[in-house]
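**Q** Got a structure for you, questions after.
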Amino acid sequence: MDKNIRLKPARRRISFALKAPDAQRVALVGNFNDWNPKKHPMAKNDKGTWQKTILLEPGTYEYKFWVDEQWIIDNRNDYRCPNKFGTLNNLIAVSPWKK
């Protein structure tokens, strides 16, 4: 094997969901997209759940949902950390290994 070749960890498909049937717009935001609500808009299914699947490299990420211009944490994920605004962000760890 050529020692100059660097193998890049495979990105993984990670799915996010938020039950918010009355919401008009929902976006997935986090440090993986520079907290930009325009980069990952979510789609609502017929049961009122907003969903988005994205590709992430292995690592730990902070995220929230941007719901009708308000920050909402993911209540289905108990892993959280404080942010610089005095509120909480959710954490997700993406493993390099498949389950």
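The values are calculated or read from the model by the stated rules, or taken from the named source; none is laboratory data. Please read these numbers as outputs of a predicted model, since none were measured by experiment. No Cβ is skipped: glycine too gets one built from the backbone with ideal geometry, and neighbour counts run over all protein chains shown.
**Q** Hey, can you tell me all the residues within segment 78-95 that are within 9 Å of residue 62 (Cα to Cα), surrounded by 11 or more Cβ atoms within 10 Å (Cβ to Cβ) and either free of Cβ contacts under 8 Å to residues at least 24 places away in the same chain or among the small types (Gly, Ala, Ser) (or both)?
**A** Passing the criteria: only 80.
**Q** Regarding residue 22, is this residue exposed (fewer than 11 other Cβ atoms within 10 Å of the Cβ), more than 12 Å from the chain's Cα centre (by Cα), assigned to a loop (DSSP other than H, G, I, E, B) and modelled with pLDDT of 95 or more?
**A** Considered against the rule, which asks whether it is exposed (fewer than 11 other Cβ atoms within 10 Å of the Cβ), more than 12 Å from the chain's Cα centre (by Cα), assigned to a loop (DSSP other than H, G, I, E, B) and modelled with pLDDT of 95 or more, residue 22 comes out as yes.
**Q** Can you name the residue in segment 26-57 that is of a type in the set (A, V, I, L, M, F, W, C) and exposed (fewer than 13 other Cβ atoms within 10 Å of the Cβ) and is also nearest to residue 92 (Cα to Cα) among such residues? Steps first, answer last, please.
**A** Our first condition is that a residue be of a type in the set (A, V, I, L, M, F, W, C); within segment 26-57, this holds for 26-29, 32, 35, 42-43, 50, 54-56.
Restricting the remaining residues to those that are exposed (fewer than 13 other Cβ atoms within 10 Å of the Cβ) gives 43, 55.
Numbers: 43: 21, 55: 13 Å.
Checking each candidate, the answer is 55.
**Q** Kindly state which strands (runs of 3 or more DSSP E) lie completely within segment 36-99 and contain at least 1 residues that are among the small types (Gly, Ala, Ser). It would help to see each step written out before you state the result.
**A** Values: elements: 49-56, 59-67, 70-72, 80-82, 88-94.
In segment 36-99, 59-67, 88-94 are the strands (runs of 3 or more DSSP E) which contain 1 or more residues that are among the small types (Gly, Ala, Ser).
**Q** Another one. Taking the condition within 16 Å of residue 40 (Cα to Cα) and more than 13 Å from the chain's Cα centre (by Cα), does residue 62 pass? Walk me through it before giving the result.
**A** Details: within 16 Å of residue 40 (Cα to Cα): yes; more than 13 Å from the chain's Cα centre (by Cα): no.
No.
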